[in-house]
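Here is the structure we will look at, set down as structure tokens.
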Amino acid sequence: MVTKDVIKTLYRQYARPPKSPDELDIGLLFDTAIDNHGIFIDEDALYIGSVDPSSPFSNIPLRNINALVNFETQLAIVLHSAIIFLHKEKPEVNIHLKLQDEPDSVWQRVRNALKV
């Protein structure tokens, strides 16, 4: 099961893409996700057929993929600010977006400290 802690670890552990897309374990995509997700790869990009073509996650440049991580029932495609989870047995896709929380202003911190 993928938890919040696992997601944080994925972002931390795979914060940067490999030096070359050739270092990615592309075989994982074909071993686990090709049947349910219509995976297609050309020289520069990964196309995911189970994602709506109007979505920015349907076509991903290979240079933007930080890692491919295999889980029991899902395959994670780790990007800088998002993780795409492809279910291995169904054409189900879940996307986690890494949202940047703005730091609280001094005034907000004082107000939060005074709340009981």
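Remarks
- D (Stokes-Einstein, µm²/s), Kirkwood Cα radius, the range 47-116, 1.002 mPa s at 20 °C: 147
- Reachable lysines from residue 8, criterion Cα separation under 19 angstrom, eight or more residues apart if same chain: 98
- Spin-label pair residue 15/residue 42, simplified geometry with 7 Å Cα→Cβ offset, distance in nm: 3.4
- Helix axis angle, 4-13 relative to the chain longest principal axis, alpha carbon, degrees: 70
- The gain in end-to-end length when the residue 107 to residue 25 segment is fully stretched comes to 24.8 nm, 0.36 nm per residue minus the alpha carbon separation.
- Over the chain, relative contact order from alpha-carbon pairs under 8 Å, at least 6 apart, %: 20
Just so you know, all these numbers are worked out from the coordinates, no wet-lab data involved. Computed from a predicted model, the values in this text were never measured in an experiment. Cβ sites come from the backbone with ideal geometry, for glycine too, and all protein chains shown count toward neighbours.
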